[in-house]
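Here's the structure we're looking at; comments come further down.
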Amino acid sequence: MLALWGRFVVPFLHGLTVTVEITGAALVLAITVGALLAGCRLSRFRTLRLVATLYIEAFRATPVLVLLFIAYYGLGQVGFRLSGYWAATLTLGTFFGSLFAEIFRGGFQGVDLGQHEAAEALAMGRWLRLRKIVLPQAFLAILLPSTNTVANIIKTTSLVVTIGVADLMSQANAAASATFEPMDMYVLAGLMYLAVYLLISRVLGRWELHVQRRYR
């Protein structure tokens with residue numbers, strides 16, 4: 001098994017690089033989309049709240065695979081042709097953006113109302129209150145579920161093989177077809193996914209612990 005793995009470790013590492021790149025790009029997009037949606041959900045304007053709610057409910061109810069096919073095949077029919085890489089990034093970013101939106105909203109709403117009232121009593125403006133009072137307290141409540149969502153993005157990238165992206169799963173499929181040893185190849189791919197997951201989880205976990213100690 002080890003000798004067989006040695007033959008394919010280079011293409012697997014290339015595929016893993018693509019997987020990490022898609023994860024990083026999708027994460028940036030998801031956080032951006034999530035922050036915008038959370039702001040709309042907490043807005044005083046009913047129209048913004050309604051639009052954000054419809055977006056979140058629609059994306060959370062739709063399988064990621066369906067969204068991938070819409071982005072890659074469907075948008076091409078209306079003149080927006082995307083490469084597999086960008087279709088994957090767009091899909092994962094917009095889907096997980098709907099999840100981040102609820103995480104952010106829950107964190108903001110978890111800040112005690114008395115904190116807002118105390119800030120208003122001190123004549124703090126809305127943005128100053130957000131930066132000095134709300135965000136520091138909401139951050140801890142947001143951090144843990146955000147860590148879990150990042151891990152889910154990594155695992156969900158395995159679906160991008162269905163639109164021809166040369167990610168880790170694509171390399172595993174090619175190696176399995178070439179060697180007729182699917183068990184060995186998929187175990188190697190699984191170990192690589194596990195290694196990335198453990199690395200990111202450990203980094204984020206240590207960051208969370210550091211933040212908790214700082215606030216205490």
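The values are calculated or read from the model by the stated rules, or taken from the named source; none is laboratory data. Remember, it's a predicted structure, so these values are computed and weren't measured experimentally. Cβ coordinates were reconstructed from backbone atoms using ideal geometry, including for glycine residues, and neighbour counts include every protein chain displayed. Heads up: the accessible areas ignore ligands, DNA and RNA and are worked out on the full protein's heavy atoms, side chains in. Shrake-Rupley method; radii C 1.70, N 1.55, O 1.52, S 1.80 Å.
If I ask for residues that are more than 17 Å from the chain's Cα centre (by Cα) and open to solvent by less than 50 Å² (accessible area, probe 1.4 Å), which ones from the stretch 83-100 would you list?
The one that is more than 17 Å from the chain's Cα centre (by Cα) and open to solvent by less than 50 Å² (accessible area, probe 1.4 Å): G84.
If the Cβ limit is 6 Å and pairs must be 6+ apart or interchain, which residue in the stretch 179-206 that is more than 30 Å from L143 (Cα to Cα) pairs with which residue that is surrounded by 13 or more Cβ atoms within 10 Å (Cβ to Cβ)?
These pairs meet every condition: P182/A176; D184/L4; M185/A172; M185/A175; M185/A176; Y186/A172; L188/W5.
Yes or no: V196 part of a loop (DSSP other than H, G, I, E, B), under 24 Å from A26 (Cα atoms), open to solvent by less than 30 Å² (accessible area, probe 1.4 Å) and touching a helix residue (DSSP H, G or I) at 6+ places or on another chain (Cβ under 7 Å)?
Judged against the criteria, V196 is not a match.
Identify the single condition in (1) modelled with pLDDT under 90; (2) at negative phi; (3) of a type outside the set (S, T, N, Q); (4) open to solvent by 80 Å² or more (accessible area, probe 1.4 Å) that Y186 does not satisfy, given that it satisfies every other one.
(1)
Does any residue in the stretch 31-60 that is more than 24 Å from N152 (Cβ to Cβ) come within less than 6 Å, Cβ to Cβ, of a residue that is open to solvent by less than 90 Å² (accessible area, probe 1.4 Å) and part of a helix (DSSP H, G or I) six or more places away or on a different chain, and which pairs are these?
Final answer for the pair search is S43/R49; L48/C40; R49/R41.
Hey, among the residues in the stretch 133-151 that are closer than 18 Å to T94 by Cα and either surrounded by 15 or more Cβ atoms within 10 Å (Cβ to Cβ) or basic (K, R) (or both), which one's farthest from the chain's Cα centre (by Cα)?
Among those that are closer than 18 Å to T94 by Cα and either surrounded by 15 or more Cβ atoms within 10 Å (Cβ to Cβ) or basic (K, R) (or both), it is P145.
Exactly one condition in (1) closer than 12 Å to E102 by Cβ; (2) open to solvent by 80 Å² or more (accessible area, probe 1.4 Å) is not met by R44; state its number.
Looking at each condition in turn, R44 falls short on (1).
Working carefully through the options V165, V187, V161, find the one that is farther than 20 Å from I31 by Cβ, out of contact with any Lys or Arg (no Cβ under 8 Å at 6 or more places or on another chain) and part of a loop (DSSP other than H, G, I, E, B).
Going through V165, V187, V161 in turn, just one is farther than 20 Å from I31 by Cβ, out of contact with any Lys or Arg (no Cβ under 8 Å at 6 or more places or on another chain) and part of a loop (DSSP other than H, G, I, E, B): V165.
Please go through the stretch 21-35 and pick out each residue that is surrounded by fewer than 17 Cβ atoms within 10 Å (Cβ to Cβ) and among the hydrophobic types (A, V, I, L, M, F, W, C).
Listed by number, the residues that qualify are V28, A35.
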